[in-house]
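Visitor: Below: one structure in structure tokens.
Read-outs: derived from the displayed coordinates by stated rules, not from any lab. Fair warning: this is a prediction, and the values are worked out from it, not measured in the lab. Don't worry about glycine lacking a Cβ; one is built from the backbone with ideal geometry, like all the others, and counts go over all protein chains shown.
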């Protein structure tokens, strides 16, 4: 195998290079795993690749629009002891704080907690063409210790974008799954609207090393 010795002065990156083979030793503490883009309405978006190379995972959500007005984006887990996603009654316990602009110089801070058969990533939004979607809606979701078998599974989310009137808005939330199999390893994450379908948008999954 031939080798090229690089001078101490370095490499001129303005040149054109042709690479073959595999580059190893490159840091990869955050790695893109998969992207799903919705161009026609779907009931849900599932992610079911959880390599043990990563302890934590996050999802970046871009312009997810519902097909039904005022639909909230929800999340459910699938765990190792079940072939279906967990949907036990009142098994997802959520806490959230939402701050949104109600006028030119006024904001409202609304905090609360609730439970249900899914947890909330962010609250009700209008479908495309109804204000909120035109202002954009984005979120980052974190799930920690997905492979552990000695603690309940939870996630946190940070969502932002416009309100129905395209004013400023931020939504912070956290959900813990406390139903059957809550100590089991996570084998799937499902994004879905609490009513209707996901009309459009994209979600990218990343793996994070501890």
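Visitor: Taking neighbour Cβ counts within 10 Å as the exposure measure, how do 39, 65, 200 sort from fewest upward?
Guide: Lowest to highest Cβ neighbour count: 39, 200, 65.
Visitor: Here's a follow-up. As a footprinting exposure proxy, order 48, 184, 178 by other Cβ within 10 Å, with the fewest listed first.
Guide: Fewest-to-most Cβ neighbours within 10 Å comes out as 48, 178, 184.
Visitor: For the pair residue 69 and residue 183, what calculated FRET efficiency results from E = 1/(1 + (r/R0)^6), where r is the Cβ-Cβ distance and R0 = 41 Å, to the nearest 0.05?
Guide: 0.60
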